[in-house]
Amino acid sequence: MTLQHLRQSQTKQPVSAEAQAALVAKHPCFSKEGHRYARMHLPVAPACNIQCNYCNRKFDCSNETRPGVVSKLLSPAMAARRFEKVKQHVPETQVVGIAGPGDPLANPKATLASLKAISKIDEDVHLCVSTNGLALVDQLDALLAAGVKHLTITINCIDADIGQKIYPWVYFNQQRLRGRKAAQTLIDRQLLGLEAAIKAGMLVKVNTVLIPGINDFHIDSLAKELGRFGAFIHNIMPLISDPAHGTYFGLMGQREPSKRELDLARQSAGQSMAQMTHCQQCRADAVGKLGQDIDLAAIEQDNAVADSTLRVAVATSSNQLIDQHFGHATQFLSYLVSAESIEQQRSIDWQQYCSGSDQCADDKQQDLNQLSQFNTVLCSRIGHTPLQELSDLGVEVNTKYALREIKEALLEIQQSLINQVKPAKRTVCNAGECS
Amino acid sequence: MSVSITKDCIACFACKEVCPQKAISSGQSAFSVIAHRCNECSDNPNGPQCAHICPVETAIVDNKGQALNPLGSLTGLPQDLNVIALSN
Ligand code: SF4
Ligand code: SF4
(Lines give C-alpha, C1' and ligand atoms only; values in the text may rest on other atoms or scores of the structure.)
(Ligands and ions follow the chains in the order given, each with its own letter.)
Protein backbone atom coordinates (compact mmCIF):
# COMPACT_ATOMS: atom_id res chain seq x y z
CA MET A 1 0.00 0.00 0.00
CA THR A 2 1.50 3.37 -0.98
CA LEU A 3 1.50 6.36 1.28
CA GLN A 4 -0.86 8.13 -1.11
CA HIS A 5 -3.29 5.29 -0.98
CA LEU A 6 -2.92 5.22 2.76
CA ARG A 7 -3.80 8.84 3.22
CA GLN A 8 -6.93 8.48 1.16
CA SER A 9 -8.07 5.47 3.04
CA GLN A 10 -7.54 7.18 6.35
CA THR A 11 -10.38 9.57 6.21
CA LYS A 12 -10.92 9.10 9.90
CA GLN A 13 -7.58 10.68 10.71
CA PRO A 14 -8.40 14.20 11.85
CA VAL A 15 -4.76 15.24 11.48
CA SER A 16 -3.93 17.06 8.25
CA ALA A 17 -1.87 15.14 5.76
CA GLU A 18 1.10 17.48 6.09
CA ALA A 19 1.03 17.39 9.84
CA GLN A 20 0.95 13.64 9.70
CA ALA A 21 3.76 13.42 7.20
CA ALA A 22 5.87 15.59 9.49
CA LEU A 23 5.11 13.34 12.42
CA VAL A 24 6.14 10.31 10.44
CA ALA A 25 9.22 11.53 8.63
CA LYS A 26 11.57 11.83 11.57
CA HIS A 27 10.50 8.79 13.50
CA PRO A 28 12.60 5.70 12.86
CA CYS A 29 9.90 3.43 14.26
CA PHE A 30 7.12 4.83 12.10
CA SER A 31 8.87 5.22 8.78
CA LYS A 32 11.78 3.56 7.05
CA GLU A 33 13.05 6.97 5.99
CA GLY A 34 13.23 7.96 9.63
CA HIS A 35 16.30 5.83 10.17
CA ARG A 36 18.55 8.84 9.72
CA TYR A 37 17.21 10.07 13.00
CA ALA A 38 18.05 8.43 16.25
CA ARG A 39 15.73 7.25 18.93
CA MET A 40 16.20 6.67 22.59
CA HIS A 41 14.19 4.50 24.93
CA LEU A 42 14.08 5.45 28.56
CA PRO A 43 13.55 2.58 31.00
CA VAL A 44 11.54 4.35 33.66
CA ALA A 45 8.43 2.19 33.88
CA PRO A 46 8.90 -1.18 35.55
CA ALA A 47 5.41 -2.07 36.73
CA CYS A 48 2.95 -3.89 34.52
CA ASN A 49 -0.77 -4.42 34.81
CA ILE A 50 -1.06 -7.55 32.70
CA GLN A 51 0.94 -10.70 32.06
CA CYS A 52 1.71 -11.92 28.56
CA ASN A 53 2.83 -15.45 27.93
CA TYR A 54 5.74 -14.27 25.81
CA CYS A 55 7.17 -12.11 28.55
CA ASN A 56 9.20 -12.90 31.63
CA ARG A 57 9.15 -10.03 34.09
CA LYS A 58 12.55 -10.81 35.54
CA PHE A 59 14.34 -8.18 33.58
CA ASP A 60 17.93 -8.14 34.65
CA CYS A 61 20.71 -9.15 32.34
CA SER A 62 22.41 -6.75 29.99
CA ASN A 63 23.50 -9.64 27.79
CA GLU A 64 20.02 -10.14 26.61
CA THR A 65 18.71 -8.06 23.80
CA ARG A 66 15.14 -9.17 23.58
CA PRO A 67 12.33 -6.60 23.69
CA GLY A 68 11.22 -5.25 26.98
CA VAL A 69 14.47 -6.07 28.69
CA VAL A 70 16.64 -3.45 30.34
CA SER A 71 19.49 -3.71 32.72
CA LYS A 72 18.97 -0.64 34.84
CA LEU A 73 15.92 1.38 35.71
CA LEU A 74 16.06 5.15 35.64
CA SER A 75 14.25 7.70 37.75
CA PRO A 76 12.66 10.58 35.80
CA ALA A 77 15.51 12.88 36.82
CA MET A 78 18.10 10.35 35.72
CA ALA A 79 16.18 9.85 32.47
CA ALA A 80 16.37 13.55 31.74
CA ARG A 81 20.08 13.55 32.48
CA ARG A 82 20.63 10.58 30.20
CA PHE A 83 18.72 12.33 27.44
CA GLU A 84 20.91 15.41 27.78
CA LYS A 85 24.06 13.33 27.52
CA VAL A 86 22.88 11.31 24.57
CA LYS A 87 21.73 14.44 22.79
CA GLN A 88 25.24 15.84 23.16
CA HIS A 89 26.75 12.74 21.58
CA VAL A 90 24.04 12.04 19.04
CA PRO A 91 22.38 15.31 18.07
CA GLU A 92 20.13 13.41 15.65
CA THR A 93 18.22 12.08 18.62
CA GLN A 94 14.75 13.25 17.63
CA VAL A 95 12.65 10.63 19.28
CA VAL A 96 12.32 9.71 22.91
CA GLY A 97 10.17 6.76 23.74
CA ILE A 98 9.01 5.13 26.91
CA ALA A 99 8.32 1.49 26.39
CA GLY A 100 8.85 -0.26 29.64
CA PRO A 101 10.23 -2.54 30.82
CA GLY A 102 6.67 -2.79 32.14
CA ASP A 103 3.74 -0.80 30.84
CA PRO A 104 4.37 2.96 30.85
CA LEU A 105 0.75 3.65 31.69
CA ALA A 106 0.88 1.34 34.68
CA ASN A 107 3.56 3.78 35.94
CA PRO A 108 1.82 7.03 35.07
CA LYS A 109 3.74 9.20 37.53
CA ALA A 110 7.22 8.20 36.40
CA THR A 111 6.22 8.18 32.75
CA LEU A 112 4.63 11.61 32.75
CA ALA A 113 7.36 13.15 34.90
CA SER A 114 9.99 11.83 32.48
CA LEU A 115 8.14 13.08 29.41
CA LYS A 116 7.74 16.51 30.94
CA ALA A 117 11.38 16.69 31.99
CA ILE A 118 12.49 15.74 28.47
CA SER A 119 10.33 18.29 26.71
CA LYS A 120 11.68 20.94 29.05
CA ILE A 121 15.17 20.18 27.78
CA ASP A 122 14.18 19.97 24.11
CA GLU A 123 10.73 21.03 23.11
CA ASP A 124 11.09 19.77 19.54
CA VAL A 125 11.73 16.19 20.46
CA HIS A 126 9.10 13.65 19.48
CA LEU A 127 7.73 11.87 22.49
CA CYS A 128 6.26 8.45 22.14
CA VAL A 129 4.82 5.84 24.40
CA SER A 130 4.20 2.13 23.92
CA THR A 131 1.44 0.51 25.87
CA ASN A 132 -0.67 -2.59 26.14
CA GLY A 133 -3.64 -0.24 26.08
CA LEU A 134 -5.31 -1.31 29.30
CA ALA A 135 -4.97 2.10 30.96
CA LEU A 136 -4.93 4.15 27.79
CA VAL A 137 -8.35 5.76 28.05
CA ASP A 138 -7.59 6.82 31.60
CA GLN A 139 -4.24 8.37 30.75
CA LEU A 140 -4.90 9.76 27.29
CA ASP A 141 -5.54 13.35 28.39
CA ALA A 142 -2.39 13.39 30.49
CA LEU A 143 -0.37 12.03 27.57
CA LEU A 144 -1.75 14.65 25.23
CA ALA A 145 -1.02 17.37 27.75
CA ALA A 146 2.56 16.13 27.99
CA GLY A 147 2.87 16.47 24.21
CA VAL A 148 2.85 12.81 23.19
CA LYS A 149 1.90 12.43 19.54
CA HIS A 150 3.20 8.96 18.76
CA LEU A 151 1.60 5.99 20.39
CA THR A 152 2.16 2.29 19.99
CA ILE A 153 -0.41 -0.18 21.24
CA THR A 154 0.31 -3.87 21.27
CA ILE A 155 -2.85 -5.66 20.17
CA ASN A 156 -2.43 -9.36 19.54
CA CYS A 157 -6.04 -10.24 18.86
CA ILE A 158 -9.59 -8.98 19.09
CA ASP A 159 -11.09 -12.31 20.08
CA ALA A 160 -11.14 -13.16 23.77
CA ASP A 161 -10.92 -16.90 23.09
CA ILE A 162 -7.56 -16.28 21.49
CA GLY A 163 -6.67 -13.67 24.07
CA GLN A 164 -6.98 -16.05 26.96
CA LYS A 165 -4.23 -18.16 25.45
CA ILE A 166 -1.95 -15.13 25.40
CA TYR A 167 -2.80 -13.29 28.62
CA PRO A 168 -3.02 -15.38 31.79
CA TRP A 169 -4.18 -12.41 33.85
CA VAL A 170 -5.06 -8.73 33.74
CA TYR A 171 -5.17 -6.38 36.75
CA PHE A 172 -8.16 -4.11 36.30
CA ASN A 173 -10.51 -2.30 38.66
CA GLN A 174 -8.58 -3.36 41.72
CA GLN A 175 -8.56 -7.04 40.98
CA ARG A 176 -6.76 -9.72 39.06
CA LEU A 177 -8.98 -11.04 36.28
CA ARG A 178 -8.26 -14.34 34.61
CA GLY A 179 -9.35 -16.39 31.64
CA ARG A 180 -11.77 -15.11 29.05
CA LYS A 181 -12.89 -12.22 31.20
CA ALA A 182 -9.34 -10.92 31.49
CA ALA A 183 -8.81 -11.09 27.74
CA GLN A 184 -12.16 -9.50 26.95
CA THR A 185 -11.50 -6.63 29.35
CA LEU A 186 -8.11 -6.00 27.82
CA ILE A 187 -9.40 -6.12 24.24
CA ASP A 188 -12.33 -3.82 25.01
CA ARG A 189 -10.03 -1.30 26.64
CA GLN A 190 -7.48 -1.52 23.83
CA LEU A 191 -10.07 -0.74 21.19
CA LEU A 192 -11.58 2.08 23.25
CA GLY A 193 -8.11 3.53 23.71
CA LEU A 194 -7.23 3.07 20.05
CA GLU A 195 -10.32 4.93 18.94
CA ALA A 196 -9.88 7.75 21.46
CA ALA A 197 -6.19 8.22 20.64
CA ILE A 198 -6.85 8.41 16.92
CA LYS A 199 -9.71 10.84 17.46
CA ALA A 200 -7.38 12.98 19.52
CA GLY A 201 -4.98 13.20 16.59
CA MET A 202 -2.29 10.80 17.70
CA LEU A 203 -0.37 8.73 15.22
CA VAL A 204 -1.02 5.18 16.32
CA LYS A 205 1.10 2.17 15.43
CA VAL A 206 -0.20 -1.24 16.41
CA ASN A 207 2.22 -4.01 17.31
CA THR A 208 1.11 -7.61 16.99
CA VAL A 209 3.15 -10.59 18.07
CA LEU A 210 2.68 -13.40 15.58
CA ILE A 211 2.21 -16.67 17.47
CA PRO A 212 1.84 -19.75 15.28
CA GLY A 213 -1.29 -21.73 16.00
CA ILE A 214 -2.60 -19.09 18.39
CA ASN A 215 -3.25 -15.88 16.49
CA ASP A 216 -1.77 -16.46 13.03
CA PHE A 217 -5.11 -17.36 11.44
CA HIS A 218 -6.65 -14.27 13.02
CA ILE A 219 -4.21 -11.64 11.76
CA ASP A 220 -6.39 -10.82 8.77
CA SER A 221 -9.49 -9.95 10.71
CA LEU A 222 -7.38 -8.07 13.24
CA ALA A 223 -5.79 -5.97 10.49
CA LYS A 224 -9.20 -5.24 8.96
CA GLU A 225 -10.47 -3.99 12.28
CA LEU A 226 -7.37 -1.86 12.84
CA GLY A 227 -7.82 -0.35 9.38
CA ARG A 228 -11.42 0.46 10.18
CA PHE A 229 -10.35 2.27 13.32
CA GLY A 230 -7.78 4.29 11.39
CA ALA A 231 -4.56 3.01 12.92
CA PHE A 232 -1.59 4.42 11.04
CA ILE A 233 0.67 1.44 10.64
CA HIS A 234 0.80 -2.19 11.67
CA ASN A 235 3.90 -3.92 12.90
CA ILE A 236 3.66 -7.70 12.96
CA MET A 237 6.56 -9.10 14.93
CA PRO A 238 7.63 -12.71 15.21
CA LEU A 239 7.25 -14.37 18.60
CA ILE A 240 10.56 -14.88 20.38
CA SER A 241 10.32 -18.00 22.51
CA ASP A 242 13.79 -19.09 23.48
CA PRO A 243 13.27 -21.32 26.54
CA ALA A 244 16.30 -19.65 28.13
CA HIS A 245 14.22 -16.51 28.58
CA GLY A 246 11.92 -18.39 30.90
CA THR A 247 8.67 -17.23 29.35
CA TYR A 248 5.56 -19.41 29.46
CA PHE A 249 5.62 -19.89 25.70
CA GLY A 250 9.34 -20.60 25.81
CA LEU A 251 9.05 -23.19 28.54
CA MET A 252 5.98 -24.81 27.02
CA GLY A 253 7.66 -25.30 23.65
CA GLN A 254 5.53 -22.85 21.69
CA ARG A 255 7.42 -22.46 18.43
CA GLU A 256 8.41 -19.22 16.73
CA PRO A 257 7.03 -18.41 13.26
CA SER A 258 9.26 -19.02 10.27
CA LYS A 259 10.39 -16.15 8.08
CA ARG A 260 7.92 -17.35 5.46
CA GLU A 261 5.02 -17.39 7.89
CA LEU A 262 5.90 -13.88 8.95
CA ASP A 263 6.05 -12.66 5.36
CA LEU A 264 2.72 -14.28 4.58
CA ALA A 265 1.07 -12.75 7.62
CA ARG A 266 2.38 -9.31 6.69
CA GLN A 267 1.28 -9.78 3.12
CA SER A 268 -2.25 -10.68 3.94
CA ALA A 269 -2.60 -8.10 6.70
CA GLY A 270 -1.17 -5.62 4.19
CA GLN A 271 -4.48 -5.77 2.32
CA SER A 272 -6.08 -3.67 5.01
CA MET A 273 -3.23 -2.07 6.97
CA ALA A 274 0.07 -0.49 5.94
CA GLN A 275 2.75 -2.80 7.25
CA MET A 276 6.00 -1.96 8.93
CA THR A 277 8.80 -4.31 8.03
CA HIS A 278 11.92 -2.70 9.44
CA CYS A 279 11.24 -3.13 13.15
CA GLN A 280 14.21 -4.41 15.10
CA GLN A 281 12.34 -5.35 18.27
CA CYS A 282 14.62 -3.28 20.41
CA ARG A 283 15.23 -3.36 24.10
CA ALA A 284 13.42 -0.91 26.32
CA ASP A 285 16.66 1.01 26.86
CA ALA A 286 17.93 1.11 23.28
CA VAL A 287 19.69 4.28 22.14
CA GLY A 288 20.77 5.45 18.71
CA LYS A 289 19.78 4.91 15.12
CA LEU A 290 17.93 1.74 14.31
CA GLY A 291 20.39 -1.10 13.95
CA GLN A 292 23.29 0.96 15.29
CA ASP A 293 22.74 0.99 18.98
CA ILE A 294 25.08 3.13 20.94
CA ASP A 295 27.15 1.85 23.79
CA LEU A 296 25.56 3.63 26.70
CA ALA A 297 28.18 2.44 29.12
CA ALA A 298 30.80 4.27 27.07
CA ILE A 299 28.82 7.47 27.11
CA GLU A 300 28.15 7.29 30.80
CA GLN A 301 31.73 6.40 31.61
CA ASP A 302 32.91 9.27 29.50
CA ASN A 303 30.67 11.61 31.37
CA ALA A 304 31.72 10.33 34.74
CA VAL A 305 34.51 12.88 34.53
CA ALA A 306 32.26 15.77 33.64
CA ASP A 307 29.96 14.50 36.34
CA SER A 308 32.45 15.15 39.05
CA THR A 309 30.55 18.16 40.29
CA LEU A 310 27.88 17.64 42.87
CA ARG A 311 24.87 19.82 43.46
CA VAL A 312 24.14 19.90 47.15
CA ALA A 313 21.05 21.33 48.85
CA VAL A 314 21.26 22.17 52.54
CA ALA A 315 18.37 22.56 54.98
CA THR A 316 19.40 24.99 57.67
CA SER A 317 17.72 27.49 59.96
CA SER A 318 20.86 29.11 61.31
CA ASN A 319 22.70 29.32 57.97
CA GLN A 320 25.67 27.90 59.88
CA LEU A 321 24.71 24.41 60.93
CA ILE A 322 22.82 21.62 59.21
CA ASP A 323 20.08 21.92 61.76
CA GLN A 324 16.81 21.80 59.86
CA HIS A 325 14.37 18.89 59.58
CA PHE A 326 13.65 18.38 55.88
CA GLY A 327 9.93 18.75 56.44
CA HIS A 328 10.30 22.12 58.17
CA ALA A 329 12.60 23.76 55.68
CA THR A 330 11.33 26.87 53.93
CA GLN A 331 14.45 27.28 51.87
CA PHE A 332 17.48 25.29 50.76
CA LEU A 333 20.96 26.68 50.40
CA SER A 334 22.48 25.47 47.18
CA TYR A 335 26.11 24.58 46.53
CA LEU A 336 28.12 23.36 43.58
CA VAL A 337 30.96 21.18 44.83
CA SER A 338 33.83 20.10 42.63
CA ALA A 339 37.35 18.91 43.33
CA GLU A 340 38.60 22.46 42.79
CA SER A 341 35.96 24.61 44.41
CA ILE A 342 32.83 24.97 46.47
CA GLU A 343 30.51 27.63 45.09
CA GLN A 344 27.35 28.84 46.70
CA GLN A 345 24.49 29.19 44.22
CA ARG A 346 21.18 30.96 44.53
CA SER A 347 19.19 29.41 47.31
CA ILE A 348 15.83 27.86 46.69
CA ASP A 349 12.63 29.12 48.26
CA TRP A 350 10.57 26.24 49.38
CA GLN A 351 7.09 25.60 50.57
CA GLN A 352 7.27 23.75 53.83
CA TYR A 353 6.76 20.04 53.23
CA CYS A 354 4.82 19.31 56.42
CA SER A 355 3.50 21.01 59.51
CA GLY A 356 5.96 19.61 61.96
CA SER A 357 4.66 16.50 63.64
CA ASP A 358 7.05 13.61 63.31
CA GLN A 359 4.62 11.57 61.28
CA CYS A 360 4.26 13.44 58.02
CA ALA A 361 0.76 13.20 56.67
CA ASP A 362 0.84 10.44 54.07
CA ASP A 363 -1.50 12.05 51.64
CA LYS A 364 0.64 15.15 51.41
CA GLN A 365 1.67 15.34 47.79
CA GLN A 366 4.13 18.18 47.72
CA ASP A 367 5.98 18.22 44.45
CA LEU A 368 9.59 17.33 45.13
CA ASN A 369 10.55 17.57 41.47
CA GLN A 370 12.20 20.91 42.01
CA LEU A 371 14.84 19.16 44.07
CA SER A 372 15.64 16.65 41.35
CA GLN A 373 18.40 18.96 40.09
CA PHE A 374 20.40 18.10 43.21
CA ASN A 375 22.59 15.07 43.76
CA THR A 376 22.45 15.31 47.52
CA VAL A 377 20.23 16.90 50.15
CA LEU A 378 21.74 17.55 53.58
CA CYS A 379 19.35 17.93 56.52
CA SER A 380 19.13 17.00 60.18
CA ARG A 381 16.23 14.57 59.82
CA ILE A 382 13.67 13.50 57.24
CA GLY A 383 10.41 11.52 57.19
CA HIS A 384 10.03 8.25 55.37
CA THR A 385 7.70 9.52 52.62
CA PRO A 386 9.88 12.35 51.30
CA LEU A 387 12.98 10.17 51.71
CA GLN A 388 11.45 7.55 49.48
CA GLU A 389 10.22 10.08 46.95
CA LEU A 390 13.60 11.75 46.73
CA SER A 391 15.33 8.45 46.25
CA ASP A 392 12.83 7.70 43.48
CA LEU A 393 13.93 10.96 41.89
CA GLY A 394 17.54 9.87 42.14
CA VAL A 395 18.40 12.34 44.90
CA GLU A 396 20.49 11.08 47.79
CA VAL A 397 19.56 12.31 51.27
CA ASN A 398 22.24 12.57 53.88
CA THR A 399 21.57 13.13 57.59
CA LYS A 400 24.96 12.07 58.87
CA TYR A 401 26.10 15.69 59.07
CA ALA A 402 23.18 16.65 61.32
CA LEU A 403 24.02 19.58 63.61
CA ARG A 404 27.46 20.01 62.12
CA GLU A 405 28.82 23.04 60.32
CA ILE A 406 27.75 23.39 56.71
CA LYS A 407 31.27 24.33 55.68
CA GLU A 408 32.75 21.30 57.34
CA ALA A 409 30.25 18.98 55.67
CA LEU A 410 30.87 20.46 52.25
CA LEU A 411 34.61 20.09 52.68
CA GLU A 412 34.17 16.44 53.58
CA ILE A 413 31.99 15.89 50.56
CA GLN A 414 34.59 17.58 48.40
CA GLN A 415 37.28 15.34 49.87
CA SER A 416 35.34 12.19 49.09
CA LEU A 417 34.83 13.52 45.58
CA ILE A 418 38.58 13.89 45.18
CA ASN A 419 39.22 10.45 46.66
CA GLN A 420 36.74 8.85 44.38
CA VAL A 421 38.80 6.68 42.16
CA LYS A 422 37.56 6.44 38.63
CA PRO A 423 34.37 4.42 38.57
CA ALA A 424 34.99 0.72 38.35
CA LYS A 425 34.49 -0.82 34.93
CA ARG A 426 30.97 -2.02 34.48
CA THR A 427 30.74 -5.75 34.64
CA VAL A 428 28.47 -7.22 32.06
CA CYS A 429 26.35 -9.23 34.41
CA ASN A 430 25.85 -9.37 38.12
CA ALA A 431 27.01 -12.77 39.16
CA GLY A 432 24.22 -15.26 39.33
CA GLU A 433 21.65 -12.92 37.92
CA CYS A 434 21.67 -14.24 34.44
CA SER A 435 20.95 -17.82 33.97
CA MET B 1 -1.74 -6.91 60.56
CA SER B 2 0.43 -6.70 57.52
CA VAL B 3 1.48 -8.60 54.46
CA SER B 4 5.17 -8.93 53.72
CA ILE B 5 7.43 -9.28 50.72
CA THR B 6 9.78 -12.22 50.35
CA LYS B 7 13.11 -12.61 48.61
CA ASP B 8 11.31 -13.81 45.48
CA CYS B 9 10.37 -10.22 44.72
CA ILE B 10 11.84 -8.97 41.44
CA ALA B 11 11.50 -5.27 42.34
CA CYS B 12 9.01 -4.48 39.59
CA PHE B 13 7.30 -1.66 41.53
CA ALA B 14 3.81 -2.84 40.60
CA CYS B 15 2.64 -3.24 44.20
CA LYS B 16 3.99 0.18 45.03
CA GLU B 17 1.92 1.73 42.24
CA VAL B 18 -1.32 0.28 43.57
CA CYS B 19 -0.93 0.21 47.36
CA PRO B 20 -3.50 2.65 48.75
CA GLN B 21 -1.59 3.02 52.03
CA LYS B 22 1.80 3.88 50.54
CA ALA B 23 3.03 0.96 52.57
CA ILE B 24 5.53 -0.42 50.09
CA SER B 25 9.11 0.68 50.52
CA SER B 26 11.49 0.25 47.60
CA GLY B 27 15.02 -0.05 48.82
CA GLN B 28 18.04 -0.35 46.60
CA SER B 29 17.94 -4.11 46.41
CA ALA B 30 14.89 -5.33 48.28
CA PHE B 31 11.30 -4.25 48.62
CA SER B 32 9.50 -4.40 51.92
CA VAL B 33 6.18 -3.54 53.53
CA ILE B 34 6.07 -0.87 56.19
CA ALA B 35 4.08 -2.91 58.67
CA HIS B 36 2.38 -0.10 60.56
CA ARG B 37 0.96 1.35 57.38
CA CYS B 38 -0.36 -1.84 55.82
CA ASN B 39 -3.93 -2.71 56.76
CA GLU B 40 -4.06 -5.71 54.44
CA CYS B 41 -6.50 -3.65 52.39
CA SER B 42 -9.18 -4.66 54.86
CA ASP B 43 -11.54 -2.00 53.51
CA ASN B 44 -11.32 -3.39 49.99
CA PRO B 45 -13.68 -6.27 49.18
CA ASN B 46 -11.09 -7.63 46.75
CA GLY B 47 -8.40 -7.83 49.41
CA PRO B 48 -4.69 -6.99 49.24
CA GLN B 49 -4.07 -4.93 46.12
CA CYS B 50 -0.36 -5.67 46.08
CA ALA B 51 -1.10 -9.36 45.79
CA HIS B 52 -3.60 -8.76 43.00
CA ILE B 53 -1.02 -7.16 40.74
CA CYS B 54 2.22 -8.89 41.80
CA PRO B 55 3.51 -10.95 38.86
CA VAL B 56 5.63 -13.30 40.95
CA GLU B 57 4.29 -16.27 42.83
CA THR B 58 5.23 -16.42 46.53
CA ALA B 59 6.62 -12.86 46.55
CA ILE B 60 3.89 -11.61 48.89
CA VAL B 61 2.84 -13.50 52.00
CA ASP B 62 0.22 -12.86 54.70
CA ASN B 63 1.03 -12.47 58.38
CA LYS B 64 1.14 -16.24 58.77
CA GLY B 65 3.72 -16.53 56.01
CA GLN B 66 1.24 -18.03 53.50
CA ALA B 67 1.85 -17.00 49.91
CA LEU B 68 -1.05 -14.93 48.60
CA ASN B 69 -0.19 -16.16 45.11
CA PRO B 70 0.86 -19.77 45.62
CA LEU B 71 3.16 -21.60 43.23
CA GLY B 72 1.55 -22.26 39.88
CA SER B 73 -1.28 -19.80 40.43
CA LEU B 74 0.00 -17.07 38.10
CA THR B 75 2.12 -18.57 35.38
CA GLY B 76 -0.08 -21.59 34.79
CA LEU B 77 3.15 -23.50 34.32
CA PRO B 78 3.02 -27.10 35.46
CA GLN B 79 4.99 -27.23 38.68
CA ASP B 80 7.38 -29.88 37.59
CA LEU B 81 7.82 -30.36 33.89
CA ASN B 82 9.79 -33.54 34.54
CA VAL B 83 6.96 -35.15 36.41
CA ILE B 84 4.65 -34.60 33.48
CA ALA B 85 7.19 -36.25 31.21
CA LEU B 86 7.47 -39.21 33.56
CA SER B 87 3.76 -39.81 33.75
CA ASN B 88 3.55 -40.36 30.01
S1 SF4 C 1 -2.11 -5.31 51.63
FE2 SF4 C 1 -2.86 -3.34 50.84
S3 SF4 C 1 -2.12 -1.86 52.33
FE4 SF4 C 1 -0.91 -3.71 52.64
S5 SF4 C 1 0.88 -3.44 51.37
FE6 SF4 C 1 -0.60 -4.58 50.15
S7 SF4 C 1 -1.68 -3.00 49.00
FE8 SF4 C 1 -0.62 -1.95 50.66
S1 SF4 D 1 4.64 -6.55 42.77
FE2 SF4 D 1 5.64 -8.38 43.63
S3 SF4 D 1 7.53 -8.62 42.46
FE4 SF4 D 1 6.76 -6.56 42.06
S5 SF4 D 1 7.83 -5.26 43.56
FE6 SF4 D 1 5.89 -5.87 44.50
S7 SF4 D 1 6.34 -7.74 45.63
FE8 SF4 D 1 8.04 -7.39 44.26
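The values are calculated or read from the model by the stated rules, or taken from the named source; none is laboratory data. Just so it is clear, the structure is predicted and the values come from calculations on it, not from any experiment. All Cβ positions, even for glycine, are placed from backbone atoms using ideal geometry, and neighbour counts span all protein chains on display. Accessible surface areas use protein heavy atoms only, side chains included; no ligands, DNA or RNA. Shrake-Rupley method; radii C 1.70, N 1.55, O 1.52, S 1.80 Å.
Filtering A:203, A:226, A:222 for residues that are farther than 19 Å from residue A:139 by Cα and in contact with a Leu (Cβ under 8 Å, 6 or more places away or on another chain) leaves a single hit, A:226. Residue B:36 passes every criterion in (1) away from ligand 1 (no atom under 14 Å from the Cβ); (2) closer than 28 Å to residue A:393 by Cβ; (3) surrounded by fewer than 16 Cβ atoms within 10 Å (Cβ to Cβ) apart from (1).
Filtering segment A:346-369 to residues that are modelled with pLDDT under 80 and open to solvent by 50 Å² or more (accessible area, probe 1.4 Å) leaves A:355, A:357, A:358, A:359, A:361, A:362, A:363, A:364, A:365, A:367, A:369.
Just one of the numbered conditions (1) within 14 Å of chain B (Cβ to nearest Cβ); (2) open to solvent by 10 Å² or more (accessible area, probe 1.4 Å); (3) in contact (Cβ under 8 Å) with a residue 40 or more places away in the chain is not true of residue A:205: (1).
Where in segment A:170-257 are there helices (runs of 4 or more DSSP H), lying fully within it, with 3 or more residues that are out of contact with any Lys or Arg (no Cβ under 9 Å at 6 or more places or on another chain) and modelled with pLDDT of 95 or more?
Details: elements: A:179-199, A:219-229, A:248-251.
Those helices (runs of 4 or more DSSP H) span A:179-199, A:219-229.
Quick check on segment B:8-33: of everything there that is modelled with pLDDT of 90 or more and either in contact with an Asp or Glu (Cβ under 8 Å, 6 or more places away or on another chain) or over 25 Å from residue A:395 (Cβ atoms) (or both), which residue is nearest to the other protein chains (Cβ to nearest Cβ)? Checking each candidate, the answer is B:22.
Quick grid of which residues meet (1) surrounded by fewer than 16 Cβ atoms within 10 Å (Cβ to Cβ); (2) at pLDDT below 75:
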position: A:22; (1), (2): yes, yes
position: A:26; (1), (2): no, yes
position: A:41; (1), (2): no, no
position: A:53; (1), (2): no, no
position: A:60; (1), (2): no, yes
position: A:93; (1), (2): no, no
position: A:98; (1), (2): no, no
position: A:106; (1), (2): no, no
